[in-house]
Amino acid sequence: MQMRSAWLETLGCQMNEADSEKMAGILCAEGYRLAESPEEADVILINTCSIRDKAEQKAFSLAGRFGQLKRRRPGTLLVLTGCVAQKLGAGVLERLPAIDAVIGTARMAGLPALLERVRATGRPEVDTDEASAGEHPAAPVRASRIKAWTNVMFGCDNHCAYCVVPFVRGRERSRRPTEVLAEVAALGRNGYREVTLLGQNVNSYGRGLVPAADFAGLLRAIDGTAGIPRVRFTTSHPKDFSTGLMRALRDLPSVCEAVHLPLQAGADAVLERMNRGYTLERYRRIIGELRETVADVAVTTDIIVGFPGESAADFDDTMKALAEFRFDGIFSFRYSPRDGTAASTMSDEVAEEEKARRLIELQSLQREITEARNVEHVGRVVEVLVEGPSRRDPRAWKGRTRANRIVNFPAAGAIVAGDFVQVRITGAGFLSLEGRVAAGDLVAARCG
Ligand code: SAM
Ligand code: SF4
């Protein structure tokens, strides 16, 4: 019998990327192969995001497109998974009749069995139970042979007023340090150079575990035993960011000096309505201590503009915070009301045109800051992990510094993806740095 094939389409954050790689692993372990294109696939899986309305609309439009493809190729199964699937459950079938199966974020392990049931009965199946179906033993099929994601925890207990994540990803639960360590060590043995540890709030890692564990301890264990040269983590929550973690960043050679620390807003009144659990002053103290403890640490952030009740003066406070903290980069968003969240019932909405105006103003200030920060690197020699050919010039290489800055540099010597190369920075723009391999062609290590 011919092997069945699957095509996975992923929308949204790194968490979804990691889930898709896991689902690809589960399907391959159960006898599927990954299809070359959606047109030839027996199963098309759309892993969706519902963080903002735009992301959700994208999921519906993709499902519509694949629905047409299915009409031309009856027998193809169309599956919706991820946050929209979890949020709407059986409601998906009313909106999108072409869908054959809806599977929730905690139920991935049951995917092959669900598909078999649809085939056997010819009827759509929905499994969005919030209880975990457990972890499938299959290893993820990863997109990269150099960089990998590893979940250290799932879900979120924070209930920020704007955020749908706790509703679609369930309660916070941490994986045991031994499980995480085993996965990361296996990546090390397979020649991976970088691992990003994922959680919605990695700083609360270990809560509820017996025996007790914390995130700084997990980093220490990974640094000591896993054989991975670069370790990153995301996302940090300011209210739980500890001095212990700052010291781990300072002391552990594998842990990269880069922290994503979402501020969200610069006005205390907005932070309070967002239920973020810190004030601007507390954030200021954390970033101050972090920069004092960890030399050259890169700090990036998330900002939401136009949260309900955000006045012109509140927005001005966010602009001032940006100018004060001089983040290395930001992700910025227009507030998007999400059903079921506390903020969705708040009055005093900011008009869409005003949100758009604020976003442009914010991004243009940050553009100057990021560019200036990048220019500060000109003349320095930095360690670059080579990722592959540069997109702009296939004869050049692209890689990243420990602070996660993109560096493009002309090919020199026998470099391959996965090498660490010392690069002298010769130029800088908003999006990336330019450089040349530093004297002596210092290739420090090579992918096995
Ligand atoms: N757990 C992380 C945290 O606490 O920052 C990330 C959560 S979310 C996947 C990534 C970012 O999306 C958030 O930091 C926030 O800035 C933004 N976001 C979440 N809900 C939003 C909403 N309703 N409207 C606009 N932006 C939103
Ligand atoms: Fe959403 Fe807040 Fe949890 Fe991040 S910490 S996932 S923003 S509720």
Query raised in the report: Counting only residues that are closer than 23 Å to residue 276 by Cα and among the basic types (Lys, Arg), which one in the stretch 333-362 is most open to solvent (accessible area, probe 1.4 Å)?
Result: 334
Query raised in the report: Can you find even one residue in the stretch 66-75 that is modelled with pLDDT of 95 or more and either closer than 17 Å to residue 142 by Cβ or touching a Lys or Arg at 6+ places or on another chain (Cβ under 9 Å) (or both)?
Result: no
Query raised in the report: Looking at this structure, is residue 277 in contact (Cβ under 8 Å) with a residue 24 or more places away in the chain, open to solvent by 50 Å² or more (accessible area, probe 1.4 Å), at positive phi and not β-branched (Val, Ile, Thr)?
Result: yes
Query raised in the report: over 25 Å from the mean Cα position of the chain (by Cα) and among the aliphatic types (A, V, I, L, M): does that describe residue 45?
Result: no
Query raised in the report: Any idea which of 146, 103 is modelled with pLDDT of 95 or more, closer than 28 Å to residue 183 by Cα and surrounded by fewer than 21 Cβ atoms within 10 Å (Cβ to Cβ)?
Result: 146
Query raised in the report: Which one of 85, 18, 29, 101 is more than 18 Å from residue 128 (Cα to Cα) and in contact with a helix residue (DSSP H, G or I) (Cβ under 9 Å, 6 or more places away or on another chain)?
Result: 29
Report summary line: Filtering the stretch 363-395 for residues that are open to solvent by 50 Å² or more (accessible area, probe 1.4 Å) and part of a helix (DSSP H, G or I) leaves a count of 6
Requested in this report: Please indicate, with yes or no, whether at least one residue in the stretch 282-299 is within 15 Å of ligand 1 (Cβ to nearest atom) and within 20 Å of the chain's Cα centre (by Cα).
Outcome: yes
Query raised in the report: If you take the residues of the stretch 329-347 that are near ligand 1 (Cβ under 9 Å from one of its atoms) and over 14 Å from residue 308 (Cα atoms), which of them is nearest to the chain's Cα centre (by Cα)?
Result: 331
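Got a sec? Which of 98, 55 is open to solvent by 20 Å² or more (accessible area, probe 1.4 Å), of a type in the set (A, V, I, L, M, F, W, C) and touching a strand residue (DSSP E or B) at 6+ places or on another chain (Cβ under 6 Å)? Write out each step before concluding.
On the way: 55 fails: touching a strand residue (DSSP E or B) at 6+ places or on another chain (Cβ under 6 Å).
Matching residue, one of 98, 55: 98.
Just to be sure I understand, how many residues within the stretch 218-241 are small (Gly, Ala, Ser) and at pLDDT 95 or above?
Total satisfying the criteria: 2.
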Report task. Pull up the stretch 149-181, narrow it to residues that are within 12 Å of ligand 1 (Cβ to nearest atom) and at positive phi, then point me to the one that is most open to solvent (accessible area, probe 1.4 Å). Result -> 159
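Residues are listed down the side, and each one gets a yes or a no for (1) crowded, with 20+ Cβ neighbours inside 10 Å; (2) in contact (Cβ under 8 Å) with a residue 60 or more places away in the chain; (3) among the basic types (Lys, Arg); (4) over 24 Å from residue 278 (Cα atoms):
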| residue | (1), (2), (3), (4) |
| --- | --- |
| 204 | yes, no, no, no |
| 216 | yes, no, no, no |
| 225 | no, no, no, yes |
| 234 | yes, yes, no, no |
| 240 | no, no, no, no |
| 243 | no, no, no, no |
| 251 | no, no, no, yes |
| 255 | yes, no, no, yes |
Requested in this report: Test residue 85 against the stated conditions and say whether it is part of a loop (DSSP other than H, G, I, E, B), farther than 30 Å from residue 254 by Cβ, among the hydrophobic types (A, V, I, L, M, F, W, C) and within 26 Å of the chain's Cα centre (by Cα).
Outcome: no
**Report entry** Identity of the residue in the stretch 348-391, of a type in the set (Gly, Ala, Ser) and more than 23 Å from the chain's Cα centre (by Cα), that ends up nearest to residue 416 (Cα to Cα)
**Finding:** 379
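Output the strands (runs of 3 or more DSSP E) that fall wholly within the stretch 106-205 and possess 1 or more residues being out of contact with any Asp or Glu (no Cβ under 8 Å at 6 or more places or on another chain) and away from ligand 2 (no atom under 16 Å from the Cβ), or say none.
Output list reads 125-127, 194-198.
The values are calculated or read from the model by the stated rules, or taken from the named source; none is laboratory data. This one's a predicted model, so the numbers in the text were calculated from it and none came from an experiment. Every residue, glycine among them, receives a Cβ derived from its backbone with ideal geometry; neighbour counts consider all protein chains shown. Note: areas computed on protein heavy atoms with side chains; ligands, DNA, RNA excluded. Shrake-Rupley method; radii C 1.70, N 1.55, O 1.52, S 1.80 Å.
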